[in-house]
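**Student:** Quick one: this structure, given as structure tokens, is what I'll be asking you about.
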Amino acid sequence: MLEYFLSASVLLGGFFAFIAGLGILRLPDVLIRMHATTKAGTLASGLIMLAVGAGFADASTVARAVAIVIFLLITAPVAAHMIGRAAFRSGVPLWDQTRVDPDAKIKLGVDDS
């Protein structure tokens, strides 16, 4: 029974990693790409680390897997926010259907010229 759980976790993790990679290739905007890869990549890594922790069932390995997942959950949103902010402030062209708050440019000090 454990083998089925491990197989399902690794396969689902691989599927979500594939979706994250596909998101980088197919999505039209740096902000949308960043959002998709952050969510799917964190979920993929979490599922694979769940399988690693359950498969080895060693206290040291489980602790490392949990630490990796916690580290990803803490750092991925912060990194995504910083990448999105840097892209917006540097004037990276956005998708034509991306909506931007007009006051955001003033708050961030972005110059339209």
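**Student:** Ignoring everything but the protein chains, give the 1.4 Å probe accessible area of Ile74 in square angstrom, nearest 10.
**Tutor:** Per-residue accessible area (Ile74): approximately 110 Å².
**Student:** Let me ask you something else. Under a Cβ-only charge scheme (Lys and Arg +1, Asp and Glu -1), can you give me the dipole magnitude of the chain about the Cα centre, in debye to the nearest 20?
**Tutor:** With only Lys, Arg, Asp and Glu charged at Cβ, the dipole is about 80 debye.
**Student:** Mind grabbing the accessible area of Leu6 for me, 1.4 Å probe, Å², rounded to tens?
**Tutor:** 40 Å²
**Student:** At what distance in nm do the modelled label points of Ile83 and Leu2 sit from each other, each positioned 7 Å from its Cα along Cα→Cβ?
**Tutor:** Those two pseudo-labels are separated by 3.6 nm.
**Student:** Also, I was wondering about something else. Compute the label zone of Leu94 within the stretch 13-52: residues whose backbone N is under 15 Å from the point 7 Å along Cα-to-Cβ.
**Tutor:** Only 28-35 pass the distance filter.
**Student:** For the stretch 36-90, what does the relative contact order come out to in percent, with C-alpha contacts under 8 Å and a separation of six or more?
**Tutor:** Result for the stretch 36-90 is 36 percent.
**Student:** Next question, about the same structure. So, with a 1.4 angstrom probe, what is the percent of accessible area on the chain that is carbon and sulfur?
**Tutor:** The C+S portion of the solvent-accessible surface of the chain is 69 percent.
**Student:** Using helices alone, I'd like the mean residue ellipticity at 222 nm for the chain: each DSSP H run of four-plus residues gives -39500 (n - 2.57), total over residue count, nearest 500.
**Tutor:** -28000 deg cm²/dmol
**Student:** Let me ask you something else. With the other protein chains left in place, how much accessible area per residue, in square angstrom, belongs to the stretch 1-57 at a 1.4 angstrom probe?
**Tutor:** Ligands and nucleic acids excluded, the figure is 62 Å² per residue.
The values are calculated or read from the model by the stated rules, or taken from the named source; none is laboratory data. Remember, predicted model here, so these are calculated numbers, not experimental data. So basically every Cβ, Gly included, is an ideal-geometry build from the backbone, and we count neighbours across all protein chains shown. Ligands, DNA and RNA are excluded from the accessible area calculation, which covers all protein heavy atoms including side chains. Shrake-Rupley method; radii C 1.70, N 1.55, O 1.52, S 1.80 Å.
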